1. Can you tell me which residue within segment 76-98, out of those that are touching a residue at least 60 places away in the same chain (Cβ under 8 Å) and buried (at least 17 other Cβ atoms within 10 Å of the Cβ), is nearest to the chain's Cα centre (by Cα)?
2. Going through segment 93-111 one residue at a time, which ones are assigned to a loop (DSSP other than H, G, I, E, B) and over 15 Å from Leu17 (Cβ atoms)?
3. Given the structure, is Gly55 open to solvent by 40 Å² or more (accessible area, probe 1.4 Å) and on the phi > 0 side of the Ramachandran plot?
4. Is it the case, given these coordinates, that Ala42 is part of a strand (DSSP E or B) and surrounded by fewer than 16 Cβ atoms within 10 Å (Cβ to Cβ)?
5. Could you list all residues from segment 43-75 that are among the charged types (D, E, K, R), touching a residue at least 40 places away in the same chain (Cβ under 8 Å) and farther than 14 Å from Leu90 by Cα?
6. Applying the selection to segment 20-32, what residues are closer than 19 Å to Asn110 by Cα and either in contact with a Phe, Trp or Tyr (Cβ under 6 Å, 6 or more places away or on another chain) or open to solvent by 80 Å² or more (accessible area, probe 1.4 Å) (or both)?
Amino acid sequence: MTWSLFDFTSERNESVLKEWVERERLSRRDIGQLNQKLDMLAVAGSLLPPKVLAGPIYKHIYKLIIHGERMLRPFLCKGPFNMETEYTLLLGAIEANWKLDHNPKEAKANRDILVGNPKRRCSHERYK
């Protein structure tokens, strides 16, 4: 079984993860590793090992663990509309010195917005 991946969108209807990749000026290597982990998520879903997918770390929020030039920790949730077949990427985060630059509560707030407005997401596309 494969899982569908979606990106939470801003009020401007832009993927918040795509904006994060561009704003953080992620290296090609980091983008490649991010894409690779997301490909693995689409295939294995919740069967990913704990050192790849952690959570839930706060309510319905999970984080992907990506080791690269920078320690990427995008936040995501199962569903929220079909918990058995989809994940939605909610917020990009980076870990440095064992501290995240964003709080999982921010991702939960994005999830809450999405639950109230299902149009606030788009199909996930690989990052360039």
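The values are calculated or read from the model by the stated rules, or taken from the named source; none is laboratory data. Small disclaimer: the values here were computed from a predicted structure and weren't measured. Here the Cβ is made from the backbone with ideal geometry for all residues, glycine too, and neighbour counts use every protein chain on show. To get the accessible areas, we keep the full protein, side chains included, count just its heavy atoms, and leave off ligands, DNA and RNA. Shrake-Rupley method; radii C 1.70, N 1.55, O 1.52, S 1.80 Å.
1. By that ranking, first place goes to Leu89.
2. Asn97, Trp98, Asn103
3. So Gly55 passes the test.
4. no
5. Glu69, Arg70
6. Of everything in segment 20-32, those that are closer than 19 Å to Asn110 by Cα and either in contact with a Phe, Trp or Tyr (Cβ under 6 Å, 6 or more places away or on another chain) or open to solvent by 80 Å² or more (accessible area, probe 1.4 Å) (or both) turn out to be Val21, Arg23.
Every residue, every condition in (1) under 28 Å from Gly116 (Cβ atoms); (2) in contact with a helix residue (DSSP H, G or I) (Cβ under 8 Å, 6 or more places away or on another chain); (3) not aliphatic (A, V, I, L, M), yes or no:
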| site | (1), (2), (3) |
| --- | --- |
| Ala44 | no, no, no |
| Pro50 | no, no, yes |
| Tyr58 | yes, yes, yes |
| Lys63 | yes, yes, yes |
| Ile66 | no, yes, no |
| Phe81 | yes, no, yes |
| Leu89 | yes, yes, no |
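Rundown of residues vs (1) outside any strand (DSSP E or B); (2) open to solvent by less than 20 Å² (accessible area, probe 1.4 Å); (3) at pLDDT 95 or above, yes/no style:
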site	(1), (2), (3)
Met1	yes, no, no
Phe8	no, yes, yes
Lys18	yes, no, yes
Leu34	yes, yes, yes
Pro49	yes, no, no
Tyr62	no, no, yes
Glu69	yes, no, no
